[in-house]
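In what follows, a single structure is set out as structure tokens and then discussed.
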Amino acid sequence: MLSRSLTQIATSILPYLALCVAMAFAYRISPWLVLPLAPIAAGFLVRTFIIFHDCTHGSFFRSRRWNDLLGFATGVLTFTPYHQWRREHALHHATAGDLDRRGVGDVWTLTVEEYLASSRMRRLGYRLVRNPAILFVVAPFWLFVVRYRFPVPSASRAERRWVWGTNAAILAVAAGASAAIGIPAYLFIQFAILVVSSAAGVWLFYVQHQFEGVYWQRREEWDFVEAALAGSSYYRLPRVLQWFSGNIGFHHLHHLSPAIPNYNLEECHGAHPDFRSVPAVTLRSSLRCLSFRLWDESRRRLISFRELRRLRRAGLAGESS
């Protein structure tokens with residue numbers, strides 16, 4: 001386990017830092033030379049975030065202390081406060097697929113009934129948030145750059161201190177990098193990487209819980225195992241994208257057993273026929289997820305706004321909007 005963890009650090013964090021240095025040299029020649037390197041650096045930053053994610057589950061190392069130390073360090077690189085995110089992500093695992101416990105660590109999702117009962121302003125806000133341009137470009141950048149800079153109201157005193165500690169460490173890294181290459185170069189490089197990596201990260205999370213056939217139930221009928229296997233997708237990606245995303249496509253298995261480190265997920269998936277029989281979401285079929293907007297409880301599936309309009313014209317869903 002230790003050797004595989006160290007290997008993953010060497011193939012994720014170190015290449016990311018090396019690419020940041022290369023981008024700094026490229027910027028001296030022309031800022032345009034930075035842009036082709038940004039998606040590659042973003043890919044390694046996504047892999048770094050998967051390491052961070054494993055640390056929050058205590059699965060990357062056997063030692064909690066080392067998980068916490070590496071988790072904090074990778075949290076600085078990914079602009080994510082480790083201790084606060086760890087608690088919120090644990091809540092996500094405990095409530096994924098539960099309609100009565102939405103709101104922590106998930107994408108804002110309304111049921112058809114909730115949407116129809118909402119005010120015009122709330123509907124407008126929901127439509128804006130669920131718009132792909134907002135959901136996968138604006139919101140991810142805002143989440144990592146702005147939102148994570150502040151403690152959530154439910155944060156403990158210790159978590160609040162760690163949020164400010166993470167901010168201080170990010171500021172120290174930014175100050176050091178700016179002193180070495182200049183403020184404009186640092187901001188340009190960091191912006192280019194974060195736009196791509198944050199969008200990719202939110203897309204992965206979205207597809208893992210907003211796909212055709214996804215499981216949602218009210219709390220009294222909610223089942224943890226079914227929520228893991230049917231409420232989290234098996235996102236079968238091309239091999240290179242699977243590598244850059246740290247095997248997180250095996251999300252059904254991860255939700256079933258978060259203690260499995262990312263580098264063992266594929267092996268565990270192939271070791272049991274129940275896992276192999278889970279329907280896969282492919283890169284092509286995942287594009288259909290872009291149209292999903294609301295959960296239709298009566299039909300137990302996600303629907304688009306267009307389908308909602310069709311159902312309402314047929315008198316099958318509420319009053320006209």
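So here's what we get for this one:
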quantity	calculated
Verdict on GLY246 being under 17 Å from the mean Cα position of the chain (by Cα), farther than 24 Å from SER3 by Cα and either touching a residue at least 12 places away in the same chain (Cβ under 8 Å) or open to solvent by 20 Å² or more (accessible area, probe 1.4 Å) (or both)	no
Scan of the range 87-104 for residues that are surrounded by fewer than 18 Cβ atoms within 10 Å (Cβ to Cβ) and of a type in the set (Gly, Ala, Ser), ordered by number	ALA90, ALA94, GLY103
Single residue of the range 220-231 satisfying the filter (under 22 Å from ILE303 (Cβ atoms) and open to solvent by 20 Å² or more (accessible area, probe 1.4 Å)) that is nearest to the chain's Cα centre (by Cα)	ALA230
Any chance GLY246 is in a loop (DSSP other than H, G, I, E, B) and at pLDDT 95 or above	yes
Unique residue being surrounded by 17 or more Cβ atoms within 10 Å (Cβ to Cβ) and either modelled with pLDDT of 95 or more or within 21 Å of VAL281 (Cβ to Cβ) (or both) when the list is ALA169, ALA200	ALA200
So PHE72, is it at negative phi, touching a residue at least 12 places away in the same chain (Cβ under 8 Å), within 14 Å of the chain's Cα centre (by Cα) and open to solvent by 30 Å² or more (accessible area, probe 1.4 Å)	no
Looking only at the range 255-288, and only at residues there that are assigned to a strand (DSSP E or B) and closer than 24 Å to THR48 by Cα, the one that is most open to solvent (accessible area, probe 1.4 Å)	THR282
Test: residue in the range 140-158 that is in contact (Cβ under 8 Å) with a residue 40 or more places away in the chain and open to solvent by 70 Å² or more (accessible area, probe 1.4 Å)	no
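Conditions tested, residue by residue: (1) more than 20 Å from the chain's Cα centre (by Cα); (2) outside any helix (DSSP H, G or I); (3) within 26 Å of TYR148 (Cα to Cα); (4) without any contact (Cβ under 8 Å) to a residue 40 or more places away in the chain.
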| residue | (1), (2), (3), (4) |
| --- | --- |
| THR11 | yes, no, no, yes |
| LEU17 | yes, no, yes, yes |
| MET23 | yes, no, yes, no |
| ALA26 | yes, no, no, yes |
| THR48 | no, no, yes, yes |
| PHE52 | no, no, yes, yes |
| GLY58 | no, yes, yes, no |
| PHE61 | yes, yes, yes, no |
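The values are calculated or read from the model by the stated rules, or taken from the named source; none is laboratory data. Keep in mind that what you see is a predicted model, and the values were worked out from it rather than measured. In this analysis, Cβ positions are derived from the backbone assuming ideal geometry, glycine residues included, and neighbour counts consider all displayed protein chains. What goes into the accessible areas is simple: the full protein's heavy atoms, side chains included, and nothing from ligands, DNA or RNA. Shrake-Rupley method; radii C 1.70, N 1.55, O 1.52, S 1.80 Å.
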